[in-house]
Amino acid sequence: MDFIHPLARGAKVWKAQLESGEAKRILVIVTNAELNPESKKYNAQTVDRLTAAAEEFLQESGEADGFLLANRLRDWENSKDR
């Protein structure tokens, strides 16, 4: 089952290796929504909608142990608010 949402530009489950040696499955969601609360472009409702959808997906699918929201790499360099 794939995570699909209008605010998600892509999503994939990755295995994260913890220091203890334990592996966790993490749903990494790439979005172009502003994630920095200090930014002028940040919209809490937008981030809350995406977060709620990710939490619901995890509960229904059991595909991963948690999730991470990240901006597209090309947005990192172009951020004027940082």
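The values are calculated or read from the model by the stated rules, or taken from the named source; none is laboratory data. Here the structure is a predicted model, which is why all the values come from computation and not from measurement. All Cβ positions, even for glycine, are placed from backbone atoms using ideal geometry, and neighbour counts span all protein chains on display. For the accessible areas, the whole protein counts, side chains as well, though only heavy atoms, and no ligand, DNA or RNA atoms are used. Shrake-Rupley method; radii C 1.70, N 1.55, O 1.52, S 1.80 Å.
Remark: accessible surface ordering of Lys24, Lys12, Lys40 (largest first) is Lys40, Lys12, Lys24, probe radius 1.4 Å.
Our estimate of slack between Ala70 and Tyr42, defined as 0.36 nm per intervening residue step minus the Cα-Cα distance, is 8.7 nm.
Taking a probe of 1.4 Å, how large is the accessible area per residue of the chain, in Å²? The partial results should precede the final answer.
On the way: 6070 Å² over 82 residues.
Heavy-atom SASA per residue in the chain reads 74 Å².
For segment 32-77, the relative contact order comes to 40 percent (Cα pairs under 8 Å, sequence separation of at least 6).
The Rg/Rh ratio for the chain is 1.01, where Rg is the radius of gyration of the alpha carbons and Rh is the Kirkwood radius.
Roughly what % of DSSP beta bridges within the chain run antiparallel, to the nearest 5?
On the way: 9 of 15 bridges.
Approximately 60 percent, going by the DSSP bridge assignments.
Only lysine pairs 8 or more places apart, or on different chains, with alpha-carbon atoms under 17 angstrom apart are counted in the chain, and they number 4. Can you give the FRET efficiency for Ala16 and Gln59, using 1/(1 + (r/R0)^6), R0 = 25 Å, r = Cβ-Cβ distance, to the nearest 0.05? Step by step, r from the Cβ atoms, then E = 0.80. The angle separating the long axis of helix 44-61 from the principal Cα axis of greatest extent in the chain is about 10 degrees. Each label point was placed 7 Å from the Cα along the Cα-to-Cβ direction; for Val30 and Ile4 their separation is 1.8 nm. A simple count of charges around Val13, restricted to other residues whose Cβ falls under 10 Å of its Cβ and scoring Lys, Arg +1 and Asp, Glu -1, yields 0.
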